[in-house]
Amino acid sequence: MKDIFDLLFRRLGTQSAVAKALGYTERQYLNIRRKVERGEELHPRVETFILVRTQMLEGNSFALLPTLLPAACAFASVNGERWTHGT
């Protein structure tokens, strides 16, 4: 996750821009970033949101897939539920 934050920071230039691009307030983003820097785990919903949002920002770049897939697969196996439309 730290690598993703670093990538976004390099691309966007400021932490404020990263927060805005991810859809968080600066304070929310700071709290998430601190948690990651301390080595604490993020809630799977927050982690998945950031991964998907980053992928959207990168234009579905295949360069991010090695970074995104392991976390996405881990989330899918933990969740274990299958969602179907309309149920």
Exposure of Glu26 as accessible area (Å², to 10), given a probe of 1.4 Å and all protein chains: 120
Computed lengthening from Asp6 to Val46, 0.36 nm per intervening residue step minus Cα-Cα distance: 12.7 nm
Rounded to whole Hz, the Karplus (6.51, -1.76, 1.60) HN-Hα couplings of the stretch 3-12, x for glycine and proline: 4, 5, 4, 5, 4, 5, 4, 4, 6, 9
Gain upon complete extension [Lys20, Lys35; 0.36 nm per residue less C-alpha separation]: 3.6 nm
Karplus (6.51, -1.76, 1.60) ³J(HN,Hα), θ = phi - 60°, over the stretch 36-48, in Hz, Gly and Pro reported as x: 5, 5, 7, x, 7, 7, 8, 4, x, 5, 5, 4, 5
Exposure of Phe9 as accessible area (Å², to 10), given a probe of 1.4 Å and all protein chains: 80
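The values are calculated or read from the model by the stated rules, or taken from the named source; none is laboratory data. Here the structure is a predicted model, which means the values were calculated and not measured. Accessible surface areas use protein heavy atoms only, side chains included; no ligands, DNA or RNA. Shrake-Rupley method; radii C 1.70, N 1.55, O 1.52, S 1.80 Å.
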